[in-house]
Amino acid sequence: MPDLEQALDALAGRVSSLREARTAYPADLAPTLDAALAELDTAAELLAEAREALQKAPKRPGGKKDGSQRELKLLRQVFRAFPVPVIVLDGGGVVRRINPETSQMLGSPDGYLVGRSFPLLVDVSRRAAFRSHLTAVLQTGQPSAFETRLAHQGRTHRVQLALTRLTMPGEPQQMVAAVALPVEVRLPEPGGRRPEQSDGALLMAAAKRQDLLAKMANLLLDEESLLRPVALPRATRLLAAQWADWVIADMVRGGLPHRSIVVAPKNQPLGELVRQVESADPGGSQVVTQVLERGSGVVQEMLDDETLLGFCAEGPLLTAMGAGSMLCVPIGTTDGVLTLVRTHDRQPFTLADLAVMQEVGLQLGLAVRAQTSFQSRSRAADALSASVAPRNLPDVPGYEAAAVYHPGSSVGAEFYDVFPVSGGWGFALGGAAGKGEEAASVSAMVRGGLRVLSVWESDPDLAMRKVNEALVTQGTGMFVMAVAGFVKGREIRLSSAGHHPAALLQADGGVRFASGGGVPLGIALEAETGVERLMLASGETLVLYSEGLISSRNERGEPYGEERLADVLGRCAGQSPSTVVKTVEADRHAFSGGQVWDEIVIFALRGV
């Protein structure tokens, strides 16, 4: 077919001339576009002649197949050589063919857009118009052209988009050829690689992902993230600043996802759209439900379905947000879903981004759970602390009282208390041997038991023995060192169960210690206590203290001890109880270099 071959050679020459014109006169592209459309008609006529000639050719084995292959080869050659971006779409707007000029303009690999919805590349404001033009061209066969903006892979182009209906060999349905002639042309460097494919760009992208992980780890490991519910807001703000335009966190409560945080683009006013995204029900989102059910993330490099995130008053949320790509990952395992959205004019999310965000979601889930666990334990610790130490000391007629309670490195077991008894007042101090919540609960039981029994018992020793009986019967396996005293007038009756002896600071600065003694509570059913009576004159101070004070050690390992305590108390003669306890604690603090291992309890009662 020499005539056809000559026609093809002439077509190739004219296409080459159009390419040169496009390069030489980028500011005046309208004539080039008109000529290109004319050449499309010429190519279609040549293909029709070729098909007719092939049909008339003598049949031979495999001839029909060979003819079809030659026809397709011819079509591909013309299509690939075309000097302007051309996209072949089916009736639904899905990309079926794309030539190299289009890939170069949009910055996507060859064939990347095949099978994807082309309207998603069109500016949101013109997307509905594009679909209407596409339908009209298919139904009427009349060409259509209009100006719009295409956005993909972080590139945006204003283009003159021309649509023409065509019938392709081997295709059961009619197609549409879309010619996109850029109004503003940005030509790549001759022989250069696309920036997003360069080794330097890939290296920078990898470094950026590692930097994000490092920043996220530092943010989530910050102590304040445990003390206060700030981990999730801080993490979403970090992602919005460096990684996405929209960041949404949906947390699961009561088995259902609830919208917790929405971070909008900085240039997005806090208006109706932001409020609609915040008020949207994540339970109606396909992608949120999918991520929660599967426990794995998804990435939409190019959104195929704009309804995935649900709807608002203006239609699909993703459409209103101007979404170009989206990424969703689980927070923890079943704690929630983190959704990131980028607009059309930004580089889309990739599988590498998905891998990084999966790790971020895992870290965020651990942080949220740690925060919840820590706050729960903190509340329990506060409740236990409140159960072993009064918030305020009551006024005891004829006396002044003060105390200091310094918690140790774990939930403590020391307690102290001042409470009314029949005809006077009572006080108690002690602690269970051990640490943690169980020891604290045992101490709270002893404190409460002494309070309750003192309503009926006029002798602290009888109350102490009954508490011991209850403790042994309960079978806690713990023993408690304690001291209790009842104050009536100037007389103080003491009962000691293995506790350190009380110190008596006299008005002249002399210090002597009570007898103390006894066996800790909870060891045997028959209690062995040390009983003593003291007279506390005006100006004298009775001081009780915990094991943590006496056993505090300095850098050489030496204990604080009762001798040092006596020396410090001797310098506090005539001072108020609050001054006494603060002076002792300050001295202990200086002695041990500020280190606290066990709880420090100091209680002082002064006659006035």
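For segment 300-354, a Kirkwood hydrodynamic radius built from all Cα pairs, placed in the Stokes-Einstein relation at 20 °C and 1.002 mPa s, yields a translational diffusion coefficient of 182 µm²/s. When peptides 91-100, 6-15, 594-603 are sorted by average Cβ neighbour count within 10 Å, with the highest value leading, the order is 594-603, 91-100, 6-15.
Quick one: net charge of Pro559's neighbours, Cβ under 15 Å, K/R +1, D/E -1? Don't skip to the end; give the middle numbers.
Details: positive: Arg553, Arg556, Arg564, Arg588; negative: Glu547, Glu555, Glu558, Glu562, Glu563, Asp567, Asp587, Asp598.
Combined, the nearby Lys, Arg, Asp and Glu give -4.
The share of accessible area on segment 480-581 that comes from carbon and sulfur is 47 percent, using a 1.4 angstrom probe.
Each listed q (0.17, 0.31 Å⁻¹) maps to a log10 I(q)/I(0) for segment 552-605, found by the Debye formula over equal Cα scatterers with no solvent: -0.52, -1.36. Sequence-ordered 3J(HN,Hα) estimates for segment 538-543 from the Karplus curve with 6.51, -1.76 and 1.60 and θ = phi - 60° stand at 4, x, 9, 10, 9, 10 Hz, glycine and proline given as x. Percent of C-alpha pairs per 5 Å bin in segment 263-344, short distances first: 3, 15, 26, 26, 19, 9, 2. Remark on Val94: its backbone amide H falls under 5 Å from those of Phe118, a criterion applied only to residues 5 or more positions apart or on other chains, H modelled at 1.01 Å from N.
Suppose all protein chains stay in the model; what accessible area per residue would a 1.4 Å probe give for segment 75-184, in Å²?
On the way: 4410 Å² over 110 residues.
Per residue, segment 75-184 has an accessible area of 40 Å².
Accessible area per residue for segment 506-608 is 47 Å², calculated with a 1.4 Å probe on protein heavy atoms, without ligands, DNA or RNA.
The convex hull around the C-alpha trace of segment 500-608, projected and averaged over every direction, spans 7.5 square nanometres. Packing order of peptides 436-448, 523-535, highest average first: 436-448, 523-535 (average count of other Cβ atoms within 10 Å over each peptide's residues).
The values are calculated or read from the model by the stated rules, or taken from the named source; none is laboratory data. This structure is a prediction, so every number in the text was calculated from the model and none was measured. Quick reminder, even Gly has a Cβ in these numbers, built from the backbone with ideal geometry, and neighbours come from all protein chains shown. Note: areas computed on protein heavy atoms with side chains; ligands, DNA, RNA excluded. Shrake-Rupley method; radii C 1.70, N 1.55, O 1.52, S 1.80 Å.
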